[in-house]
Amino acid sequence: MTDFEEKLLEILSKVLLLDKDKITDDLRRKDFEPWDSMNHLIIVTEIENEFEIFFEDEEVVELWTVGDIKKVLGSKFSS
């Protein structure tokens with residue numbers, strides 16, 4: 001696991017009150033009740049602060065799974 005993945009898991013675990021080992025790329029916002037709209041914004045804000053990046057509004061709306069978050073984060077570091 002990369003450092004960035006570990007940091008992401010820490011954020012998701014803290015915000016969603018979920019053990020890190022229960023967080024998979026397939027964890028989906030609409031299927032996991034604690035991942036509501038407020039927690040979604042908290043997750044986005046925590047990620048922006050931790051990684052010193054900025055998500056565009058369109059990106060925030062398209063983040064439906066942990067895998068989606070990893071994909072967008074990866075694209076920000078590769079550009």
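Every number here is computed from the coordinates shown, using simple stated rules; none is lab data. Since we're looking at a predicted model, the values are computed, not measured. FYI the Cβ positions are ideal-geometry reconstructions off the backbone, even for glycines, and counts take in every protein chain you see.
Listed values for region 60-77 are Karplus-derived 3J(HN,Hα) couplings in whole Hz (6.51 cos²θ - 1.76 cosθ + 1.60, θ = phi - 60°), namely 4, 5, 8, 7, 9, 10, 4, x, 4, 4, 4, 5, 5, 4, x, 5, 6, 7, and x replaces Gly and Pro.
In plain terms, the residue of D3, D31 with the fewest other Cβ atoms within 10 Å comes first and the most crowded comes last, giving D3, D31. If the chain linking D31 and N49 were pulled fully straight, counting 0.36 nm for each residue of separation and taking away their Cα-Cα distance, it would gain 3.9 nm. Taking amide H as placed 1.01 Å from N in the peptide plane, R28 has no amide H partner under 5 Å among residues 5 or more places away or on another chain.
Divide by every residue of the chain the summed helix terms, -39500 (n - 2.57) for each DSSP H run of at least 4, and state the resulting mean residue ellipticity at 222 nm, rounded to the nearest 500 deg cm²/dmol. Each step should come with its number before you reach the end.
Values: 4 runs with 48 residues, N = 79.
Result for the chain, helices only: -19000 deg cm²/dmol.
Measuring between their Cα centroids, region 38-79 and region 1-34 lie 13 Å from each other. Here the calculated FRET efficiency for D19 and E59, from their Cβ-Cβ distance with R0 = 35 Å, stands at 0.85, rounded to the nearest 0.05.
Just one of (1) 4.8; (2) 6.0; (3) 5.7 is mean projected area of the Cα convex hull in nm² calculated from these coordinates, so which is it? For mean projected area of the Cα convex hull in nm², the calculated option is (1). Using Cβ point charges alone (K and R +1, D and E -1), the dipole size of the chain about the Cα centre works out to roughly 160 debye. Note that region 22-33 has calculated 3J(HN,Hα) couplings of 9, 8, 10, 4, 8, 4, 10, 3, 6, 9, 10, 3 Hz, one per residue in order, obtained from phi through the Karplus relation 6.51 cos²θ - 1.76 cosθ + 1.60 (θ = phi - 60°); glycine and proline are x. Dipole orientation for the chain: of the candidates W64, T45, T24, T24 has the Cα lying most toward the positive pole (charges on Cβ; Lys, Arg +1; Asp, Glu -1).
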